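First comes the structure, then the notes that go with it.
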Amino acid sequence: MINPGRVVVTLGIVFVIYSCSSYTRTQQSFNKDFEQGNLKKALETLQQGEKLSRTKFIYYANTGLIFSILGKYNESNEYFEKAFLFGEDYRINYANEAASYLTNPLVTTYRGEDHEHLMVLYYKAINSLKMNKYEDALIECRRLNIRLQQLSDKYSAESKYQRDAFCHTLMGIIYQAAKDYNNAFIAYRNALEIYQDDYARLFNLAVPDQLKMDLMNTAYWSGFQEEFQMYREQFGLPAYQPQHPDAELVFFWHNGLGPVKEEWSINFVIQSKPDNWVVFRNDELGLTFPFQLDNDDDRSRLSKLEVYRVAFPKYRERQIFYTGAKLMSQDSIYNLELAEDINKIAFHSLKERMTLEFSKGLLRAALKKAAEHSIRKEDEALGAMIGIINAMTEHADTRNWQTLPHDISYSRIPLRIGQNAVDFEMTESTGKVVIHHFTYDAQQDQTLFHTFSSLESYGLSGRFY
């Protein structure tokens, strides 16, 4: 006789499967509209979709980003603030964590990746700067600093992504715009160190020339003559002299789209060991993961199983459409320099935690199979049903903030008081050039901010982790 309680559990698992697929369908429709530049339609799709508590962070972040691109900076910051507070208030739901080992990680609440939370504050700060709310931007600057300290405390290994050079650069830009040259110099100096030590090693990303000039300028304006002289020599610019134009434009280029999380699976063969240990082994990839069982009964059940299929997350890159860009103003050319490679940061972060992902996936597979065989002892039909459900529910957590750019470049250019014509030129991989014309009305000693988002990409590449 079938146990009614187990039927309820089974139906609950089926409901989870349906909910996850419903979320996936909604996101696919939204992402398609966003990638095609149909931002208003994408926003409607997003707001009409199911606002699951498990994906609130992604909903807040996506909504905030679209409002930002549309120029609705107050509305944008309202949603980014919700995303920030979500990260601050996040608490692990241990019941959902336990359920994830009987279904999949999609039943848990998506907390967000470390770099995604930093980007929330980046967008909030940029929105505030565009509204000339420097004090609000400085608040986000301080929040960024706290988050970066938390990231540094969280990871200690040299190979971990624990410091963000671009965020320190942004803090320097904000302080400089507020004429706080001392704090700007400190932020730029921190950024320089991280670019030289971490970004060069982890992401093959060099120090932007603009950062070097900003660092020398703020050292000079802060009265740090020794540091100014030291950096001139270090950068090979012994004749460099700071310039103080009438006004300035800081231009950020959000190029392409960040990577997409997908699923891949591995078949593991079980090898029994003494003292209730088993080893999950995949000879093709050279992977072995030991796993200790609670008792001999568990080991007996597992010994009958030869192969496990376990699903894991992977990132796939969306290839960039534009390979470079520059600004042209007053017969001068200013190159947009790469400052943050979000694509590489995402790949690296996932790679660094794959051992944890493997361990959790194998534990999930073992517990699901053990539960299936335990039920088969009492009810073969229900056990078979659980086996089918186990196969249906074996999925990796493929949630991520997909509307982030592939990378961010920036440049600072001088402006005259009054009207300034600036051309923004992007170069496709084919060599074709696309030009956009902008006019900026500048006042004395004002720093203007502009972001340009190019959403074009060549789609998913074969490169993944």
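For the stretch 124-185, trypsin sites (Lys or Arg not before Pro) are listed when DSSP marks them as loop and at most 12 other Cβ atoms sit within 10 Å of their Cβ; the list is LYS179. With a Förster radius of 56 Å applied to the C-beta separation of SER332 and TRP277, the computed FRET efficiency comes to 0.25. Ranked by the mean number of other Cβ atoms within 10 Å of their residues, highest first, the peptides 198-210, 249-261, 75-87 come out as 249-261, 75-87, 198-210. So if we plug the beta-carbon distance of THR355 and GLU81 into 1/(1 + (r/R0)^6) with R0 = 51 Å, what FRET efficiency do we get, rounded to 0.05? Efficiency, rounded to the nearest 0.05: 0.90. Candidate cross-link partners of LYS154 among the aspartates and glutamates, defined by an alpha-carbon separation under 18 Å and a same-chain spacing of 8 or more, comprise GLU88, ASP89, GLU113, ASP114, GLU116, ASP164, ASP198, GLU352, GLU357.
Residue ranges 416-424, 231-239 sort as 416-424, 231-239 when ordered by packing (mean number of other C-beta atoms within 10 Å per residue, highest first). For the pair TRP264 and TYR458, label points projected 7 Å from Cα toward Cβ lie 2.0 nm apart.
Mean separation of Cα pairs under 8 Å and 6 or more residues apart, divided by the residue count, gives the stretch 181-227 a relative contact order of 49 percent.
If R0 is taken as 30 Å, the Cβ-Cβ distance between SER159 and ILE435 corresponds to a FRET efficiency of 0.15.
What is the list of residues in the stretch 244-268 whose amide nitrogen lies under 20 Å from a point 7 angstrom out from the Cα of THR323, following Cα to Cβ? Under 20 Å, as judged by backbone N against the label point of THR323, lie 253-258 of the stretch 244-268. Amide H contacts for PHE252 (H built 1.01 Å from N in the peptide plane; partners 5 or more residues away or on another chain; cut-off under 5 Å): HIS450, THR451, PHE452. Sequentially through the stretch 213-227, phi angles give Karplus couplings (6.51, -1.76, 1.60; θ = phi - 60°) of 5, 5, 5, 5, 4, 5, 5, 5, 5, 8, x, 8, 5, 5, 5 Hz, Gly and Pro residues having no value and appearing as x. Within a straight-line Cα-Cα reach of under 22 Å, LYS133 can be paired with the following lysines, leaving aside sequence neighbours fewer than 8 residues apart in one chain: LYS72, LYS82, LYS124, LYS179. Taking amide H as placed 1.01 Å from N in the peptide plane, the amide H of TYR315 sits under 5 Å from that of GLU262, TYR465, each at least 5 places away or on another chain.
When ILE413, ILE435 are compared by accessible area of protein heavy atoms, the largest-first order is ILE435, ILE413, using a 1.4 Å probe.
The values are calculated or read from the model by the stated rules, or taken from the named source; none is laboratory data. Remember, it's a predicted structure, so these values are computed and weren't measured experimentally. Neighbour counts run over all protein chains shown; Cβ positions are idealised from the backbone, glycine included. Calculation scope for accessible area: heavy atoms of the full protein, side chains included, ligands and nucleic acids excluded. Shrake-Rupley method; radii C 1.70, N 1.55, O 1.52, S 1.80 Å.
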